[in-house]
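Notes to accompany the following structure.
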Amino acid sequence: MPQYKYLLDEKETPTHWYNIIADMKEPPPPYRHPVTLELMGPDDLAPVFPMELIKQEVSAERYIEIPDEVRDVLKMWRPSPLYRASRWEKALDTPAKIYYKWEGVSPPGSHKPNTAVAQAYYAKQEGLAGLATETGAGQWGSALSFATQFFGLKCKVFMVAISFQQKPYRRIAMETWGGAVVPSPSSETNAGRAILEQDPESPGSLGIAISEAVEYAVTHDGYKYALGSVVNFVLLHQTVVGQETKKQMEMAGDYPDILIGCAGGGSNAAGFIYPFLRDKLTGEKPDLRAIFVESTASPSMTRGIYAYDWGDTAKMAPVAKMYTVGHTFIPAPVHAGGLRYHGMAPSICALLKQGQVEARAYHQNAVFDAAQSFAQAEGFIIAPETAHAVRAVYDEAMICKESGESKVIVFNNSGHGHFDMAAYDAYHREELPDYELDESRIEIALKELPQIPE
Ligand SMILES: Cc1ncc(COP(=O)(O)O)c(C=O)c1O
């Protein structure tokens, strides 16, 4: 009888976060101030983020201890299970060995609470009253609404308008956990009002929603801003995923040949991949492949350029060196709302530039076949974002089928798709909106990057 699940005991929930910056030969360059474009120090970030998180953002320590209070909440669902996808392997008739880490077991249904709990904890420690944030698909807003309750904090969520319309149940979930949700662009901020003036029907974007949340945080007493992806401390908090997976792969007696994760800002993929990537950076596993999978609707790593850009549309967030399609680029309104970000985490971009990891992009219409095939074999109905990773796994499994190689492919199953039935319905009816990437819009957006002397 095959073994399907590899489970860890609650007491094996990781005690530390792993910081890949400590093992990178060339870490990503520091942030620049959004207005002066000068190098940014920790004090410049203080109005926006709690100080402990800023310290983590700039830390070069390899391991950072997880506070007991954070670990205590994480243990509600951690460690999460690792599955061997034996049934899917059989359905695909591939010699590849496929495993997946299942993050859909958290109460909000994705990896996002791994960092939401930590951010809420540090906000409480600093004596704050609440956190403001943006959300694309609704997973991050759900995670923060869920996490803030444990620490008695308020939560204000700017939800990208297109998702707000497509996913009313996500909004209701956030409200059930106590979050206050508005569609973005909204009339509550200068940034939102400026966009609405130009386009009252704007579908919104993560870049716009970030601008609104930052503005709200810095203009409301007792509030700071919480971010669901991209920055170092978020990726750091997600490394509980990869550390657990490493132990579980030891239990399974295999080591990955290929690691795969979907990437919006890059946090689930990085948190899953970095603890393994350490083995590559130290020379222990030189052949390990890691693939970050994005959407062709916002193809920062595969079509963008490696340059400094603002983290948001209204140029309020720090300027980071990253692969970007430009902060003014507005992606097509695809169902994978969490993959509609114009940039990518600076550490992933630096590793991509250095040839340590790979990137690939899929069109929305290419990912649901794989998600459906996965659901029919493994049972789990996954988020549209995660479906991008599953499509890459499918393609790698087919390459193994051609070559007869039995590669070990491990992916991060970042969340369930229970609030994404409209997307599956559109797929079944063959009504997924088609979109073509308009290259000229990227060209226009790239003309608006900041000019920073190298
Ligand atoms: C289930 C799921 N997976 C992946 C992502 C992409 O985000 P990240 O790249 O930060 O993991 C999201 C974002 O909303 C998500 O909800």
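On a per residue basis, the stretch 250-338 carries 27 Å² of accessible surface, using protein heavy atoms and a 1.4 Å probe.
So if the hydrodynamic radius of the stretch 167-250 is defined as the Kirkwood radius over C-alpha pairs, what does Stokes-Einstein give as its diffusion coefficient at 20 °C and 1.002 mPa s, in µm² per second? Value of D from the Cα-based Kirkwood radius: 140 µm²/s. Students often forget the sequence filter, so: which aspartates and glutamates lie under 16 Å Cα-Cα from Lys167 once same-chain residues fewer than 8 apart are removed? In chain and number order, the partners are Glu134, Glu175, Glu385, Asp420, Asp425.
Normalised by residue number, the volume inside the convex hull of the Cα atoms of the stretch 1-143 is 184 Å³ per residue.
Across the stretch 61-203, Cα-Cα distances exceeding 19 Å account for 61% of all pairs.
Put the Cα centre of the stretch 25-43 next to the Cα centre of the stretch 378-440 and the gap is 36 Å. On full extension, the segment bounded by Glu12 and Lys285 gains 95.8 nm, given 0.36 nm per residue less the C-alpha separation. Taking one equal scatterer on every alpha-carbon of the stretch 1-74, how large is log10 of I(q)/I(0) by Debye at q = 0.16, 0.26 1/Å? For the stretch 1-74, the Cα-only Debye profile gives -0.78, -1.21.
In deg cm²/dmol, rounded to 500, what helix-only [θ] at 222 nm does the chain give when every DSSP H run of at least 4 residues adds -39500 (n - 2.57) and the total is split over its residues? Provide the component values of the computation, followed by the final result.
Numbers: 19 runs with 186 residues, N = 454.
Taking each H run of at least 4 residues, the total per residue is -12000 deg cm²/dmol.
Between 0 and 90 degrees, the angle of helix 113-125 with respect to the longest Cα principal axis of the chain falls at about 40 degrees. Over all alpha-carbon pairs in the chain, figure out the percentage whose distance exceeds 28 Å. Result for the distance tail: 45 percent.
Expressed as a fraction of 2.2 N^0.38 Å, the C-alpha radius of gyration for the stretch 329-454 is 1.23.
Taking the charge dipole of the stretch 280-421 about its Cα centre, with +1 at Lys and Arg Cβ atoms and -1 at Asp and Glu Cβ atoms, the residue from Val390, Thr328, Gln356 reaching farthest to the positive side is Thr328.
Of all lysines in the structure, those lying under 16 Å Cα to Cα from Lys401, and not within fewer than 8 positions of it along the same chain, are Lys90, Lys97.
Its convex hull of Cα atoms gives the stretch 205-323 a direction-averaged projected area, equal to a quarter of the hull surface, of 9.0 nm². Here's the list of lysines a cross-link from Lys447 could span, going by alpha-carbon distance under 29 Å and ignoring same-chain residues fewer than 8 apart: Lys315, Lys321, Lys353. Taking the Cα centre of the stretch 234-332 as origin and assigning +1 to Lys and Arg Cβ atoms and -1 to Asp and Glu Cβ atoms, the resulting dipole is close to 240 debye.
The values are calculated or read from the model by the stated rules, or taken from the named source; none is laboratory data. Because the structure is a prediction, the values reported are computed rather than measured. With ideal geometry, Cβ positions are generated from the backbone for all residues, glycine too; neighbour counts draw on all protein chains shown. Accessible surface areas use protein heavy atoms only, side chains included; no ligands, DNA or RNA. Shrake-Rupley method; radii C 1.70, N 1.55, O 1.52, S 1.80 Å.
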